[in-house]
Amino acid sequence: MKIHQFDQASRSLAARHNEKANKLEQRGLIAEAVKYYQKAIKLWPSWSVPWYNLGLLRKRQHNWQESLRCNQKAVSLDPSDQAAWWNLGIAATALEDWAEARRAWKGFGIEIADGEGPIEMKIGSTPIRLNPDDDAEVVWCRRVDPARAIIDCVPLPQSEHRFGDLLLHDGAPNGFRKVGGKEVPVFDELELLAPSEYGTFEIIIDGVSAEDIEKLNELAGERGLAAEDWSANIRMICKACSEGRPHNEHTREAVQTNYRRIGFAALSETQAMEILRSWMATRPQAKIEEINCLLKPAFIN
């Protein structure tokens, strides 16, 4: 009877420590929060919740080794905890521990083919928020596994991201966008895993239409590159809409001007000009006003 009373008292105190740790973390008192999560774990070793919370805190810090360890413990104590399985998959992916990533995704309930090395899947396109804690930009990406995606457009240069960058992203939706009448979730970037080799060039062109720019994009895509009509495809929205559902006030008509500001992804200005010349050969009215390198190719210092 005394042992039972001790267990109940310990569990009650552990729950209070866990709650206090949550509040400390929300206030940004991370070191103190960690101490109270650890106190909760010591008092109630078989309780998975403080292990999960500590793993989540480490994920937010990008401390992937510790996040991996904490989430491994959480799922061992509670194999039904899907959030812990997911965060385990993210941490394992960040560490390139592909065997553990496969185990995590299977534990979550995703069908993953057996094998070694990086996971390669065709999940489709999704919007991802770059630099979510700073001047965020939402871009379209091609998902290659549950936690990795490749940027499939030309981000603005201030994002410090490029077409073809490989990203680690979160799994919790933070907003939605509509494509073809269907809502798709927006995920937040967690980390740039591998920069692409492409540079970002800005091209100011006069005398062309939206259809002309679409053809330029097709020509670039045929060569594994990308062109983005920044004049028409970029819209500024408030944080609330970015992390929710953009409202009608943020819908606008395409820019009505002959001048177009094009973001172009290429390995060099020479490569970009080769495609532009081919494209302009059948468009004598088109005139390049400016071409600027805004982000050098990643392999150029």
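The values are calculated or read from the model by the stated rules, or taken from the named source; none is laboratory data. Computed from a predicted structure; not experimentally measured. Cβ: placed from backbone, ideal geometry, glycine included. Neighbour counts: every protein chain shown.
All of (1) free of Cβ contacts under 8 Å to residues at least 60 places away in the same chain; (2) part of a strand (DSSP E or B) hold for Ala232 with one exception: (2). Against the definition (within 30 Å of Lys296 (Cβ to Cβ), assigned to a loop (DSSP other than H, G, I, E, B), among the aliphatic types (A, V, I, L, M) and not assigned by TED's automatic domain parsing to the domain that holds Leu54), how does Val154 come out, yes or no? Yes: the conditions hold for Val154. Residue under question is Trp98, and the condition is that it be free of Cβ contacts under 8 Å to residues at least 24 places away in the same chain and surrounded by 14 or more Cβ atoms within 10 Å (Cβ to Cβ); does it hold? It is true that Trp98 is free of Cβ contacts under 8 Å to residues at least 24 places away in the same chain and surrounded by 14 or more Cβ atoms within 10 Å (Cβ to Cβ). Whenever a residue of the stretch 263-292 is among the basic types (Lys, Arg), its partners that are part of a loop (DSSP other than H, G, I, E, B), lying with C-beta atoms within less than 6 angstrom and at least six residues away or across chains, give the pairs Lys287/Gly207. For the stretch 1-53, the set of residues classified as charged (D, E, K, R) and modelled with pLDDT of 95 or more consists of Arg11, Arg16, Glu19, Lys20, Lys23, Glu25, Arg27, Glu32, Lys35, Lys39, Lys42, listed by residue number. Is it the case, given these coordinates, that Ile275 is in contact with an Asp or Glu (Cβ under 8 Å, 6 or more places away or on another chain), modelled with pLDDT of 90 or more and closer than 25 Å to Glu160 by Cβ? Criteria not met by Ile275.
Select the helices (runs of 4 or more DSSP H) contained entirely in the stretch 1-76, then report the ones holding at least 2 residues which are of a type in the set (Gly, Ala, Ser) and either in contact with an Asp or Glu (Cβ under 8 Å, 6 or more places away or on another chain) or surrounded by 14 or more Cβ atoms within 10 Å (Cβ to Cβ) (or both).
On the way: elements: 2-26, 30-43, 49-60.
In the stretch 1-76, the matching helices (runs of 4 or more DSSP H) lie at 2-26, 30-43.
Of Arg177, Arg129, Arg142, all but one fail to be at pLDDT below 95, outside any loop (DSSP other than H, G, I, E, B), outside the structural domain of Glu222 (by TED's automatic domain parsing) and more than 30 Å from Gln38 (Cβ to Cβ); the exception is Arg177. Would a scan of the stretch 108-119 turn up a residue that is β-branched (Val, Ile, Thr) and in a helix (DSSP H, G or I)? Among the residues of the stretch 108-119, not one is β-branched (Val, Ile, Thr) and in a helix (DSSP H, G or I), which makes the answer no.
Contact map, the stretch 124-141: residues that are under 17 Å from Val184 (Cα atoms) and in contact (Cβ under 8 Å) with a residue 60 or more places away in the chain paired with residues that are surrounded by 19 or more Cβ atoms within 10 Å (Cβ to Cβ) and of a type in the set (Lys, Arg), Cβ distance under 7 Å, separation 6+ or inter-chain. Pairs shown: Thr126/Arg143; Val138/Arg129. The residue that is nearest to Gln61 (Cα to Cα), among those in the stretch 197-220 that are modelled with pLDDT of 95 or more and among the small types (Gly, Ala, Ser), is Gly199.
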